[in-house]
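Peer 1: Just dropping this structure here.
The values are calculated or read from the model by the stated rules, or taken from the named source; none is laboratory data. All values derive from a computational prediction rather than experimental measurement. Please note: Cβ atoms are built from the backbone with ideal geometry, for glycine as well, and neighbour counts cover all protein chains shown.
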Amino acid sequence: MSIERPSTLDFPADAEGMEMVYCRPIETLTDTPFHYCPGCGHSVVHRVLMEVVAELNIQDKTIGVAPVGCSVFAYNYMNIDMQEAAHGRASAVATGIKRVLPDRYVFSYQGDGDLAAIGTAETIHTVNRGENILMVFINNGIYGMTGGQMAPTTLPGQVTTTSPYGRDVKKVGHPIKIADLLIQLPGAHYVTRQAVHNPNAVRKLKKAFEKSFQYQKEGKGTCFVEVVSNCPSGWRMTPVESIKYLEETMFPAYPLGDLKVPEKV
Amino acid sequence: MEEKKNKTGEAKLMKGNEALAEAAIRADIDGYFGYPITPQSEILEYLEREVPKRHGLVLQAESEIASINMIYGAAGAGARVMTSSSGPGISLMQEGLSYIASAQLPCLVVNIVRGGPGLGTIQPSQGDYFQAVKGGGHGDYHLIVLAPASVQEMADFVFEGFRLAEKYRNPAMILSDGALGQMMEKVIQPEEGSLPKIKTPWATTGKTKDRDHNIITSLFIKPEEMESVNLQLQEKYRKIEKDEVRFEEIKTDDANIILVAFGLSSRICQKTVDLGREKGIKIGLLRPITLYPYPYKRLNELADQVEFMMSVEMNAGQMVEDVRLAVEGKVPVHFTGRMGGMIPSPDDVLHEIESILDKQNVLQD
């Protein structure tokens, strides 16, 4: 993928005479190596998000909120001002930031347990207020950080450490499609479901982030970008197997695409 | 206290909750986030009514959990923010308060205490003393706790609370009760704009080229790092304990019995002091104004001159433990109080003192 060279970047010294076709957003990503498991989608989402922040040149105006979950250390990688929230409360924390700094770009970055289980009330009410922020929702159907327990988005029959015989919907209910719920709320301006399992999906995700920041600039309301992602470790799969599982099992349950787009004026 | 210098204008008859809310506007709060609960809803109501006409921001959240996390976010962004609630709502905030204390963010939290435990009653109580002064949430931390005893102090302590919170980058709490919140008294409001804003270079306001990114977090996964954060907090608490203890003494000079009471109970005990002295019993009163830090040292000194002390509280006896710690067994420390929203009368307290004296006389005879 050829990306436009961010204006803030310099060519490395040894790159003279060569055309830059690929580089990381060195301004907005720190040098800290990602701690994520091999094949995990988190690092790609981090990178794409920070690429957009660099390209829009809004590093000095962007504040992120990290959740409790695998991405709890997001602030170690994203070279922007960040706050680390209590489990489930990222959107309330983001609300607090945005309300006192309304001219900044604010986003929360949350997993499925965080956003769709323990933080459901905050999620729904943040969107219902039309809080002018971006909510990034990583849905991999499992609690990754705590070792692969059942999540609110775990699929029926899916085996996890706390659903060892498969998710029994009679006992614990069906997976919650939170994005589908949120589109009912007038405060939701833009709701989309994306992925990072192949380059084309990554390009689409990047577009979704770009749009979300544009809408935030225009004060349109809440933008909600769900990323249906993988968890090779929690799923007990190789990265390649996990991509196959995404395509064959996760995407049919969580179809990709826009769920709510702003009405054309 | 210091605020008196800055007061302007006429004395006005105000409800405790409204006096506190007005003082918050005068203290130039950038934001208030709250959720209704009796007996403190007037704070949110007053601010929703007045803030749009003046300055700042007020937002009714979906829960106290959301409120306290909005406070975390806004305080982390460098804003002067406050919330208020009563017992059950304050319980819901404990997780957030632990995070705020760990991340060392200044903010003001007001607890207009009602009778508990559980849903309890909406009548006044001091049953949240332990929760307020001993931590409340998980981990080793303290709030700075101020206990007003009048509507005037409901207003003044907003300023004092922010001053202390911002000086130490630590959450402060006003521990009041339903009676002080609801009753009307004369109050002279602190002067608007007389509380300067502090510099917050640590705040998440957007990373500029000239500095590293600012991180607000309470996560220190390496035990060595977590211990060093704890040591830093403890050092701060020692400094607060050294420099910020506040209390008031009434007729302690010649007293051989000392009552210890805070907030509303201290108002009651003030009357008991007078009633006792009319009967020739030399009673004095020590009123802790800061509940954390606590006036241990002064109580220990007073223990040398008295026969006994008595802690008077609107609970089952919580602060009495701190009085006992303070006097180090030098003299007996008694307790009297009412629970569940009931308020002891000055006569009740005097009667308790007299019955202790009677027992002593019997023993001496």
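Peer 1: Quick check: anything in region B:192-204 surrounded by 16 or more Cβ atoms within 10 Å (Cβ to Cβ), closer than 23 Å to B:Val81 by Cα, of a type outside the set (Ser, Thr, Tyr) and more than 14 Å from chain A (Cβ to nearest Cβ)?
Peer 2: Checked against the condition, which is being surrounded by 16 or more Cβ atoms within 10 Å (Cβ to Cβ), closer than 23 Å to B:Val81 by Cα, of a type outside the set (Ser, Thr, Tyr) and more than 14 Å from chain A (Cβ to nearest Cβ), region B:192-204 yields at least one hit.
Peer 1: Could you list all residues from region B:210-239 that are without any contact (Cβ under 8 Å) to a residue 40 or more places away in the chain and of a type in the set (Ser, Thr, Tyr)? Give the derivation first.
Peer 2: The initial filter retains those residues of region B:210-239 that are without any contact (Cβ under 8 Å) to a residue 40 or more places away in the chain, namely B:210-215, B:219-228, B:231-232, B:235, B:238.
Hit for region B:210-239 is B:Ser228, nothing else.
Peer 1: So, restricting to strands (runs of 3 or more DSSP E) that lie completely within region A:73-176, which ones have at least 2 residues that are among the aromatic types (Phe, Trp, Tyr) and more than 10 Å from chain B (Cβ to nearest Cβ)? Outline the logic, then answer.
Peer 2: Details: elements: A:81-84, A:105-111, A:134-139.
Hits in region A:73-176: A:105-111.
Peer 1: From the list A:Pro25, A:Pro33, A:Pro67, pick out the single residue that is crowded, with 20+ Cβ neighbours inside 10 Å, at pLDDT below 95 and more than 8 Å from every other protein chain (Cβ to nearest Cβ). It would help to see each step written out before you state the result.
Peer 2: Details: A:Pro33 fails: crowded, with 20+ Cβ neighbours inside 10 Å; A:Pro67 fails: at pLDDT below 95.
The unique qualifying residue is A:Pro25.
Peer 1: Which residues, taken from region B:115-133, are under 25 Å from B:Glu321 (Cβ atoms), touching a residue at least 40 places away in the same chain (Cβ under 8 Å) and not polar (S, T, N, Q)? Give the derivation first.
Peer 2: Quick first cut of region B:115-133, residues under 25 Å from B:Glu321 (Cβ atoms) only: B:115-118, B:120-121, B:123-133.
Next, from what is left, pick out any that are touching a residue at least 40 places away in the same chain (Cβ under 8 Å): B:115, B:120-121, B:123-133.
Across region B:115-133, the qualifying residues are B:Gly115, B:Gly120, B:Pro124, B:Gly127, B:Asp128, B:Tyr129, B:Phe130, B:Ala132, B:Val133.
Peer 1: Continuing with the same structure: Is it the case, given these coordinates, that B:Gly280 is free of Cβ contacts under 8 Å to residues at least 12 places away in the same chain and either in contact with a helix residue (DSSP H, G or I) (Cβ under 7 Å, 6 or more places away or on another chain) or more than 30 Å from A:Asn76 (Cβ to Cβ) (or both)? First the steps, then the outcome.
Peer 2: On the way: free of Cβ contacts under 8 Å to residues at least 12 places away in the same chain: yes; either in contact with a helix residue (DSSP H, G or I) (Cβ under 7 Å, 6 or more places away or on another chain) or more than 30 Å from A:Asn76 (Cβ to Cβ) (or both): yes.
Against the criterion (free of Cβ contacts under 8 Å to residues at least 12 places away in the same chain and either in contact with a helix residue (DSSP H, G or I) (Cβ under 7 Å, 6 or more places away or on another chain) or more than 30 Å from A:Asn76 (Cβ to Cβ) (or both)), B:Gly280 qualifies.
Peer 1: For B:Gln152, are the conditions met, namely being of a type outside the set (Phe, Trp, Tyr), surrounded by 15 or more Cβ atoms within 10 Å (Cβ to Cβ) and touching a Lys or Arg at 6+ places or on another chain (Cβ under 7 Å)?
Peer 2: Working: of a type outside the set (Phe, Trp, Tyr): yes; surrounded by 15 or more Cβ atoms within 10 Å (Cβ to Cβ): yes; touching a Lys or Arg at 6+ places or on another chain (Cβ under 7 Å): no.
For B:Gln152, the condition - of a type outside the set (Phe, Trp, Tyr), surrounded by 15 or more Cβ atoms within 10 Å (Cβ to Cβ) and touching a Lys or Arg at 6+ places or on another chain (Cβ under 7 Å) - is not met.
Peer 1: Out of everything in region B:306-329 that is in a helix (DSSP H, G or I) and of a type in the set (Asp, Glu), what residue ends up being farthest from the chain's Cα centre (by Cα)?
Peer 2: B:Glu321
Peer 1: Shifting gears a bit: Take region B:42-74 and flag every residue that is within 14 Å of another protein chain (Cβ to nearest Cβ) and touching a Ser or Thr at 6+ places or on another chain (Cβ under 7 Å).
Peer 2: B:Ala61, B:Glu64, B:Ser67, B:Ile68, B:Met70, B:Ile71, B:Gly73
Peer 1: Does region B:249-271 include one or more residues that are within 14 Å of another protein chain (Cβ to nearest Cβ), assigned to a loop (DSSP other than H, G, I, E, B) and touching a residue at least 24 places away in the same chain (Cβ under 8 Å)? Steps first, answer last, please.
Peer 2: Start the filter on region B:249-271 by keeping residues that are within 14 Å of another protein chain (Cβ to nearest Cβ), which leaves none.
Looking for residues that are within 14 Å of another protein chain (Cβ to nearest Cβ), assigned to a loop (DSSP other than H, G, I, E, B) and touching a residue at least 24 places away in the same chain (Cβ under 8 Å), one finds none in region B:249-271, hence no.
Peer 1: Taking region B:147-195, which residues are in a helix (DSSP H, G or I), out of contact with any strand residue (DSSP E or B) (no Cβ under 6 Å at 6 or more places or on another chain) and within 24 Å of B:Ile343 (Cα to Cα)?
Peer 2: B:Glu153, B:Met154, B:Leu180, B:Gln182 - these are the residues of region B:147-195 that are in a helix (DSSP H, G or I), out of contact with any strand residue (DSSP E or B) (no Cβ under 6 Å at 6 or more places or on another chain) and within 24 Å of B:Ile343 (Cα to Cα).
Peer 1: With respect to A:Lys171, is the statement that it is basic (Lys, Arg), over 17 Å from the mean Cα position of the chain (by Cα) and surrounded by 22 or more Cβ atoms within 10 Å (Cβ to Cβ) true?
Peer 2: Details: basic (Lys, Arg): yes; over 17 Å from the mean Cα position of the chain (by Cα): yes; surrounded by 22 or more Cβ atoms within 10 Å (Cβ to Cβ): no.
No.
Peer 1: Sticking with this one: Could you pull out the residue among B:Tyr46, B:Tyr35, B:Tyr72 that is surrounded by 24 or more Cβ atoms within 10 Å (Cβ to Cβ) and among the hydroxyl-bearing types (Ser, Thr, Tyr)?
Peer 2: Numbers: B:Tyr46 fails: surrounded by 24 or more Cβ atoms within 10 Å (Cβ to Cβ); B:Tyr35 fails: surrounded by 24 or more Cβ atoms within 10 Å (Cβ to Cβ).
Within the list B:Tyr46, B:Tyr35, B:Tyr72, the selection yields B:Tyr72.
Peer 1: Right, next: Only one of these is in contact with an Asp or Glu (Cβ under 9 Å, 6 or more places away or on another chain) and hydrophobic (A, V, I, L, M, F, W, C): B:Val113, B:Val109, B:Val145. Name it. Full working, then the answer.
Peer 2: Values: B:Val109 fails: in contact with an Asp or Glu (Cβ under 9 Å, 6 or more places away or on another chain); B:Val145 fails: in contact with an Asp or Glu (Cβ under 9 Å, 6 or more places away or on another chain).
Testing whether each residue is in contact with an Asp or Glu (Cβ under 9 Å, 6 or more places away or on another chain) and hydrophobic (A, V, I, L, M, F, W, C) leaves just B:Val113.
Peer 1: Out of region A:240-265, which residues are surrounded by 14 or more Cβ atoms within 10 Å (Cβ to Cβ), part of a helix (DSSP H, G or I) and in contact (Cβ under 8 Å) with a residue 12 or more places away in the chain?
Peer 2: Within region A:240-265, A:Ser242, A:Ile243, A:Tyr245, A:Leu246, A:Thr249, A:Met250, A:Phe251, A:Ala253 meet the criteria.
Peer 1: Pick out the one residue from B:Ser98, B:Ser91, B:Ser102 that is surrounded by fewer than 20 Cβ atoms within 10 Å (Cβ to Cβ) and in a helix (DSSP H, G or I).
Peer 2: Checking each option against the conditions leaves just B:Ser91.
Peer 1: Scan region B:285-300 and give yes if some residue there is more than 25 Å from the chain's Cα centre (by Cα) and either closer than 27 Å to B:Val113 by Cα or among the charged types (D, E, K, R) (or both), otherwise no.
Peer 2: Of all residues in region B:285-300, those more than 25 Å from the chain's Cα centre (by Cα) come to none.
Within region B:285-300 (the criterion being more than 25 Å from the chain's Cα centre (by Cα) and either closer than 27 Å to B:Val113 by Cα or among the charged types (D, E, K, R) (or both)), the answer is no, since none of the residues qualifies.
Peer 1: From (1) more than 9 Å from chain A (Cβ to nearest Cβ); (2) in contact with a His (Cβ under 7 Å, 6 or more places away or on another chain), pick out the condition that doesn't hold for B:Glu18.
Peer 2: It fails just one condition, (2).
Peer 1: OK, next. If you check B:Glu64, B:Glu3, which single one turns out to be touching a strand residue (DSSP E or B) at 6+ places or on another chain (Cβ under 9 Å), buried (at least 20 other Cβ atoms within 10 Å of the Cβ), within 29 Å of B:Lys199 (Cα to Cα) and modelled with pLDDT under 95?
Peer 2: Answer to the selection: B:Glu3.
Peer 1: Still on this model: For region A:63-79, what are the residues that are under 11 Å from A:His35 (Cα atoms) and of a type in the set (Phe, Trp, Tyr)?
Peer 2: A:Phe73, A:Tyr77
Peer 1: Now a separate question. Outside any loop (DSSP other than H, G, I, E, B) and of a type in the set (A, V, I, L, M, F, W, C), is that true of B:Ala79?
Peer 2: On the way: outside any loop (DSSP other than H, G, I, E, B): no; of a type in the set (A, V, I, L, M, F, W, C): yes.
Against the criterion (outside any loop (DSSP other than H, G, I, E, B) and of a type in the set (A, V, I, L, M, F, W, C)), B:Ala79 does not qualify.
Okay, residues lined up against (1) over 24 Å from the mean Cα position of the chain (by Cα); (2) surrounded by fewer than 16 Cβ atoms within 10 Å (Cβ to Cβ):
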| residue | (1), (2) |
| --- | --- |
| B:Ile216 | yes, no |
| B:Ile221 | yes, yes |
| B:Glu225 | yes, yes |
| B:Lys242 | no, yes |
| B:Ile257 | yes, no |
| B:Gly263 | no, no |
| B:Ser266 | no, no |
| B:Thr272 | no, no |
| B:Gly280 | yes, yes |
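Peer 1: Let me ask another. Do you know which of the residues in region B:205-227 that are among the hydroxyl-bearing types (Ser, Thr, Tyr) and more than 18 Å from A:Ile58 (Cβ to Cβ) is nearest to the other protein chains (Cβ to nearest Cβ)? Before the answer, list the steps.
Peer 2: To start, the set of residues in region B:205-227 that are among the hydroxyl-bearing types (Ser, Thr, Tyr) comprises B:205, B:208, B:217-218.
When the remaining residues are screened for being more than 18 Å from A:Ile58 (Cβ to Cβ), the result is B:217-218.
Numbers: B:Thr217: 4, B:Ser218: 7 Å.
Restricting to residues being among the hydroxyl-bearing types (Ser, Thr, Tyr) and more than 18 Å from A:Ile58 (Cβ to Cβ), the top hit is B:Thr217.
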